[in-house]
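> Input: one structure, supplied below.
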Amino acid sequence: MSRKYRFLPVAITMATIALAAPAVAVTDYSQPEPGEALPGGSSSHHKQLNINAFSQSSANMSFEKELDFKLGNGIFKKIWVPAPSSTTASDGLGPLYNARACQRCHLKDGRGHPPEANWPEDNAVSMFLRLSIPPQNDAQRQLLESGTVGVIPEPTYGGQLQDLAINGLAGEGRMVISYSESIVTLADGVQVSLRHPQYSIADLSYGPLHPQTMLSPRVAPPMVGLGLLEAVAPADIEALADPDDSNNDGISGRTNRVWNSFTQQQDLGRFGWKAGNPTLIQQAVGAFNGDMGISTPFVPAASGDCTAQQVICLQQPDGNTQQQDNAEASTEMVKLVEFYSRNLAPPARPDFDKPEVLKGKAVFHQSGCAACHQPDFTTASRVDMPEQSNQLIWPYTDLLLHDMGEALADNRPEFLASGSEWRTPPLWGIGLTKTVSGHTYFLHDGRARNLLEAILWHGGEGSASRDRVINLPTADRQALMTFLESL
């Protein structure tokens, strides 16, 4: 396939305007706040801030549990192979898949990225397209209204596009990205180019897509600190919600209510770009099955995301064995991956008290960023999660859905999340993205090439804060970037 990238210069100038100060409490940020040096509380690690900065275990973990962490890491990095194979603990890949290992998407437990070019010049191993369609009949409408499912999968290709397949099968298709460019002019005259992506699918192998198919690009999010987010009490997240904007601050965050397949009831959504998963284990088993085509006792479909229309896919041999609880990955494997994911510790912040960082933190608050990027929580008391229990943490997220405007919209609802709503992503560790992941691509599809571009993409509820950043003096904007890079 020929390369489809295109760059169309479009000039957009945003005039300097006087903006009212955000309604935030006046706080002296010239001194560090107690505990902010340790984003994960006592679980924060103090290891070197190198490529392995996101792969360290909770510092407060007992020595006895370190083995479980290492075993979970081994499964996370395991390369799966097609069945049948002599390696019965590692077979069952696919038949259709996006990656052969968890770490292929979350390399070094960090952030995924869009391809630098379309296939075959580059692959999209840490990014894929979610697929769904609007409900087509009363039964599907009732299914969505019941809250037991969040989307109606595309009837031929399922819930996501798998671009890879085992030998003898064809991948479902290839994601194609084209970019155009626009210019935002900041108050000091600096011009910033934003790239606008458009998505399509080429080389479809199993027939046409449904004409109403909705596409949502997703890069793999970083893994650091996930267990601490799971330990935040639901009431503390719900208390931040203001769906009707009763305080008239322009921010109307709300919770996503999603189906918990383990408890068989609705639950608070926390994980994923639209908060579509309630727990780490549900996120994990969904990724095993959807991303790699690996069955587990919790999601037993050995053919992964294959649909009834993909008959040859359903006919392929699987790797289910009695030793793996009649699945391809056993309950023990899943639990070890869950434990590993839960205990990937945030690194300590060595520069938290530098004057330029503190200045930038003041700008962050004065610009209204903290209205969504809630700085801190204290986690709940959890006997089942001692490393994450009763910790003062600094993730810089409220875990709520916010309308981010039409420019960032994927126009694909998921449970209660609308097509323009996204969960506030955590900011801890964001300054180490280049060190760990080798790039600085941000947002759900990696369109932003640096942190300033990510801010300038904020629309909807983020518009006022974005405009304040646009109108910052140069020194204040640079301090804001220094603060973000210190996280």
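The values are calculated or read from the model by the stated rules, or taken from the named source; none is laboratory data. Note that the structure is predicted; figures quoted are calculated from it, not measured. Cβ atoms come from the backbone with ideal geometry, glycine included; neighbour counts cover every protein chain shown. Keep in mind that these areas ignore ligands, DNA and RNA; they rest on the heavy atoms of the full protein, side chains included. Shrake-Rupley method; radii C 1.70, N 1.55, O 1.52, S 1.80 Å.
> Please go through the range 263-298 and give me each residue that is out of contact with any Asp or Glu (no Cβ under 6 Å at 6 or more places or on another chain), assigned to a loop (DSSP other than H, G, I, E, B) and without any contact (Cβ under 8 Å) to a residue 40 or more places away in the chain, ordered by number.
Matches in the range 263-298: THR263, GLN264, THR296, PHE298.
> Would you pick out the residues in the range 335-382 that are open to solvent by less than 10 Å² (accessible area, probe 1.4 Å), touching a strand residue (DSSP E or B) at 6+ places or on another chain (Cβ under 9 Å) and of a type in the set (A, V, I, L, M)?
Within the range 335-382, LEU344, ALA345 qualify.
> Where in the range 163-262 are the strands (runs of 3 or more DSSP E), entirely inside, with at least 3 residues that are more than 29 Å from THR331 (Cβ to Cβ), among the hydroxyl-bearing types (Ser, Thr, Tyr) and free of Cβ contacts under 8 Å to residues at least 60 places away in the same chain?
Of the strands (runs of 3 or more DSSP E) lying wholly inside the range 163-262, none has at least 3 residues that are more than 29 Å from THR331 (Cβ to Cβ), among the hydroxyl-bearing types (Ser, Thr, Tyr) and free of Cβ contacts under 8 Å to residues at least 60 places away in the same chain.
> Within the range 319-330, identify whether any single residue is under 26 Å from the mean Cα position of the chain (by Cα) and among the β-branched types (Val, Ile, Thr), and answer yes or no.
No: the range 319-330 contains no residue that is under 26 Å from the mean Cα position of the chain (by Cα) and among the β-branched types (Val, Ile, Thr).
> Now, a different point. Can you tell me which of GLN322, GLN316, GLN265, GLN309 is over 29 Å from LEU93 (Cβ atoms) and open to solvent by 30 Å² or more (accessible area, probe 1.4 Å)?
GLN265
> While we're on this one: Residue check: is ARG477 of a type in the set (D, E, K, R), part of a helix (DSSP H, G or I) and free of Cβ contacts under 8 Å to residues at least 12 places away in the same chain?
Here the answer is no, as ARG477 does not meet what is asked.
For (1) farther than 22 Å from SER465 by Cα; (2) modelled with pLDDT of 95 or more; (3) among the aliphatic types (A, V, I, L, M), each residue gets a yes or a no:
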site: ASP353; (1), (2), (3): yes, yes, no
site: ALA370; (1), (2), (3): no, yes, yes
site: MET385; (1), (2), (3): yes, yes, yes
site: GLN388; (1), (2), (3): yes, yes, no
site: ILE393; (1), (2), (3): yes, yes, yes
site: GLY405; (1), (2), (3): no, yes, no
site: GLY429; (1), (2), (3): no, yes, no
site: LEU432; (1), (2), (3): yes, yes, yes
site: VAL436; (1), (2), (3): yes, yes, yes
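> Being open to solvent by 40 Å² or more (accessible area, probe 1.4 Å), of a type in the set (D, E, K, R) and in contact (Cβ under 8 Å) with a residue 60 or more places away in the chain narrows it down to one of ASP109, ASP68, ASP91, so name that one.
ASP68
> Looking at (1) within 16 Å of the chain's Cα centre (by Cα); (2) among the hydrophobic types (A, V, I, L, M, F, W, C); (3) at positive phi, which is the only condition PHE415 fails?
(1)
> Condition check: among the hydrophobic types (A, V, I, L, M, F, W, C), at pLDDT 95 or above and more than 28 Å from LEU215 (Cα to Cα). Does ALA89 satisfy that?
Judged against the criteria, ALA89 is not a match.
> Restricting attention to the range 52-65, which residues are hydroxyl-bearing (Ser, Thr, Tyr) and loosely packed, with under 14 Cβ neighbours inside 10 Å?
SER62 - this is the single residue of the range 52-65 that is hydroxyl-bearing (Ser, Thr, Tyr) and loosely packed, with under 14 Cβ neighbours inside 10 Å.
> Restricting to the range 457-483, and then to whatever is under 21 Å from the mean Cα position of the chain (by Cα) and surrounded by fewer than 22 Cβ atoms within 10 Å (Cβ to Cβ), can you tell me which residue is farthest from GLY405 (Cα to Cα)?
Checked the range 457-483; the qualifying residue farthest from GLY405 (Cα to Cα) is TRP457.
> Checking ALA407 against (1) touching a residue at least 24 places away in the same chain (Cβ under 8 Å); (2) surrounded by fewer than 19 Cβ atoms within 10 Å (Cβ to Cβ); (3) outside any helix (DSSP H, G or I): exactly one of these is not met. Which one?
Going through the list (1) touching a residue at least 24 places away in the same chain (Cβ under 8 Å); (2) surrounded by fewer than 19 Cβ atoms within 10 Å (Cβ to Cβ); (3) outside any helix (DSSP H, G or I), ALA407 breaks only (3).
> To continue, here is another question. Kindly provide the set of residues from the range 67-108 that are of a type in the set (D, E, K, R) and within 26 Å of the chain's Cα centre (by Cα), ordered by number.
ASP68, LYS70, LYS77, LYS78, ARG100, ARG104, LYS108
> I'd like the full set of residues that are crowded, with 20+ Cβ neighbours inside 10 Å and not hydroxyl-bearing (Ser, Thr, Tyr), limited to the range 431-442.
GLY431, LEU432, VAL436, PHE442
> Still on this model: Answer yes if at least one residue in the range 16-32 is under 30 Å from PRO386 (Cβ atoms) and modelled with pLDDT of 90 or more, and no otherwise.
Scanning the range 16-32, I find at least one residue that is under 30 Å from PRO386 (Cβ atoms) and modelled with pLDDT of 90 or more, so the answer is yes.
> Ok, one more. For SER418, all conditions in the list (1) open to solvent by less than 10 Å² (accessible area, probe 1.4 Å); (2) of a type outside the set (Lys, Arg); (3) over 25 Å from GLY110 (Cβ atoms) hold save one; what is the number of the exception?
So the condition that SER418 fails would be (1).
> Looking at the structure I just gave you, is SER330 of a type in the set (S, T, N, Q), open to solvent by less than 70 Å² (accessible area, probe 1.4 Å), closer than 30 Å to GLU36 by Cβ and modelled with pLDDT of 95 or more?
Here the answer is no, as SER330 does not meet what is asked.
> Oh, and also: Report yes if LEU226 is in contact with a helix residue (DSSP H, G or I) (Cβ under 9 Å, 6 or more places away or on another chain), modelled with pLDDT of 95 or more and of a type in the set (A, V, I, L, M, F, W, C), otherwise no.
yes
> Take the range 202-249 and flag every residue that is hydroxyl-bearing (Ser, Thr, Tyr) and under 19 Å from the mean Cα position of the chain (by Cα).
Answer for the range 202-249, where residues must be hydroxyl-bearing (Ser, Thr, Tyr) and under 19 Å from the mean Cα position of the chain (by Cα): just SER216.
Yes/no per residue for (1) in contact with a Ser or Thr (Cβ under 9 Å, 6 or more places away or on another chain); (2) among the hydrophobic types (A, V, I, L, M, F, W, C); (3) on the phi > 0 side of the Ramachandran plot:
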position	(1), (2), (3)
ALA287	no, yes, no
PHE298	yes, yes, no
VAL311	no, yes, no
ASP318	yes, no, no
LEU336	no, yes, no
PHE339	no, yes, no
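> Separate question: Suppose we keep only residues that are assigned to a loop (DSSP other than H, G, I, E, B) and free of Cβ contacts under 8 Å to residues at least 60 places away in the same chain within the range 71-88. Which one would you say is most open to solvent (accessible area, probe 1.4 Å)?
Residue satisfying both the conditions and the ranking: SER86.
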